[in-house]
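Below: one structure, written as structure tokens.
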Amino acid sequence: MRLRDRKVLVTGGASGIGLATARRFVAEGARVALLDRDAGRLAEAARELGDSACAVRADVTSEEDVRSAVATAVAGLGGLDGLVNAAGISIWRSFDALTHAEWRQVLSINLDGPFIVCMAALPALKASGGATIVNIASGAGLQPRQNFSAYCASKGGLVMFTKAIAMDLAADKIRVNAVCPGIVMTPLVERNLALHEDRDAAFERYISRNLMKRFGTAEEVADAVLYLSGPESSFVTGSALSLDGGSVFH
Ligand code: NAD
């Protein structure tokens, strides 16, 4: 029970990595508020997690939505000790086919989103006296990926945002870290694979890029987020933990 009585807000908590993280946190004794724009999946996830979870619907790009959702979450949980920014999207498009609207969409969800949520949660995190923020960045924020310019820019920005605010918030006893997963099988990746003419060939190409020759799992990412949100990482802040089967060496 590494997170006993900790109160944590997880954005993107209705699916994939966010949901796996919320499950893991609840199993470790935390109470969790799930924030997501997908009302249907959100309700399903909250039902699954039972009394230890509450759900708040919001779009992370809307300051108004987020302010009111964070207030509801903080009131429901009775404070806030942790934040996990997992809401995100990807658009797989060669640069010459990418529109400005698509670029803005990716940047606003993946980069403005964590900014807006961090800002709204900041007073409650400060009041905790020992809070954590974990941003779900990506290996694509450390190394370029073809046809992923907007996504790479958003995640590279998120890695540097993480490091910069770790400096600003240290005096408030808030540790801020990022995880940089390689490919993890979630609905987001299923949707990307489906765009390839030959899905199986694309799958093989992706797994050939790491040393373990497989995709990661959302549970493996959740374990890393747990480490960065729990007492074992008490001296860790401003880090970007790669979790990619060794892709960075490859
Ligand atoms: P997912 O699609 O399963 O989950 C993302 C969740 O974010 C969904 O529930 C979606 O409704 C929510 N969301 C999207 N836009 C939102 C918005 N504007 N406001 C509120 N909620 C919003 O995807 P996932 O793979 O679990 O991705 C989670 C995070 O992990 C993302 O930030 C993604 O970029 C990152 N990531 C994923 C992988 C991977 O391979 N799956 C790898 C590296 C990083």
(request) With r as the distance between the Cβ atoms of D200 and E64 and R0 = 30 Å, compute the FRET efficiency 1/(1 + (r/R0)^6) and round to 0.05. (result) 0.10
(message) Treating only the Cα positions of region 150-250 as identical point scatterers, give the base-10 log of I(q)/I(0) from the Debye formula at each q in 0.24 Å⁻¹.
(response) -1.30
(request) Taking amide H positions as placed in the peptide plane 1.01 Å from N, state which residues far from L243 in sequence (5 or more) or on other chains have amide H under 5 Å from it. (result) C180, G182
(request) Once you've got the GNM for the chain with C-alpha springs shorter than 10 Å, pick whichever of R23, R191, R37 has the biggest mean-square fluctuation. (result) R191
(message) Helix 113-128 against the longest principal axis of the chain: what's the angle in degrees, Cα atoms only, rounded to the nearest 10?
(response) 30
(request) Find, to one decimal place in angstroms, the Kirkwood hydrodynamic radius of the chain, where the mean of 1/r is taken over every pair of different Cα atoms and then inverted. (result) 18.0
(request) Using the number of other C-beta atoms within 10 angstrom as an exposure proxy, rank Y151, Y227 with the fewest first. (result) Y227, Y151
(request) With springs only between Cα atoms under 10 Å apart, run a GNM on the chain and tell me which of F203, F235, F95 wobbles the most. (result) F235
(request) State the answer as a single residue: which of G79, A131, A171 lies farthest towards the positive end of the charge dipole of region 63-200, with beta carbon charges of +1 for Lys and Arg and -1 for Asp and Glu, about the Cα centre. (result) A171
(request) Multiply the residue separation of I207 and D168 by 0.36 nm, subtract the distance between their alpha-carbon atoms, and state the gained length in nm to one decimal. (result) 10.3 nm
(request) Return the long-range amide H neighbours of V56 (sequence gap of 5 or more, or a different chain), with a cut-off of under 5 Å between placed amide H atoms. (result) L34, L35, D36
(message) Just want the ordering: H100, H196, from fewest to most Cβ atoms lying within 10 Å of their own Cβ.
(response) H100, H196
(message) Explain nothing, just the number: dipole magnitude of the chain about its Cα centre with +1 on each Lys and Arg Cβ and -1 on each Asp and Glu Cβ, in debye rounded to the nearest 20.
(response) 380
(request) Give the order of K213, K155 when sorted by the count of other beta carbons within 10 angstrom, beginning with the fewest. (result) K213, K155
(message) Please list 3J(HN,Hα) in residue order for region 215-231, calculated via the Karplus relation 6.51 cos²θ - 1.76 cosθ + 1.60 where θ = phi - 60°; whole Hz, with x for glycine and proline.
(response) 7, x, 10, 4, 5, 5, 5, 4, 4, 5, 5, 4, 4, 6, 9, x, x
(message) Can you compute 3J(HN,Hα) from phi for each residue in region 166-183, using the Karplus curve 6.51 cos²θ - 1.76 cosθ + 1.60 with θ = phi - 60°, rounded to whole Hz and x for Gly and Pro?
(response) 4, 5, 5, 9, 4, 5, 8, 6, 10, 8, 10, 9, 10, 10, 10, x, x, 6
(request) Could you work out how far the C-alpha centroid of region 23-39 sits from that of region 141-209, in angstrom? (result) 21
(request) Pull up all non-local amide H partners of G216: gap of 5 or more, or a different chain, and H-to-H distance under 5 Å with H placed in the peptide plane. (result) I183, V184, M185
(request) Count charges around I17 for me, please; just the other residues with Cβ under 14 Å from its Cβ, Lys/Arg as +1, Asp/Glu as -1. (result) -2
(message) Using Cα springs under 10 Å in a Gaussian network model of the chain, which residue among D223, D198, D36 shows the largest mean-square fluctuation?
(response) D198
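Here, each number is a calculation from the coordinates, and none is a lab measurement. Because the structure is a prediction, the values reported are computed rather than measured. Note that we place each Cβ from the backbone using ideal geometry, even for glycine, and neighbour counts take in every protein chain shown.
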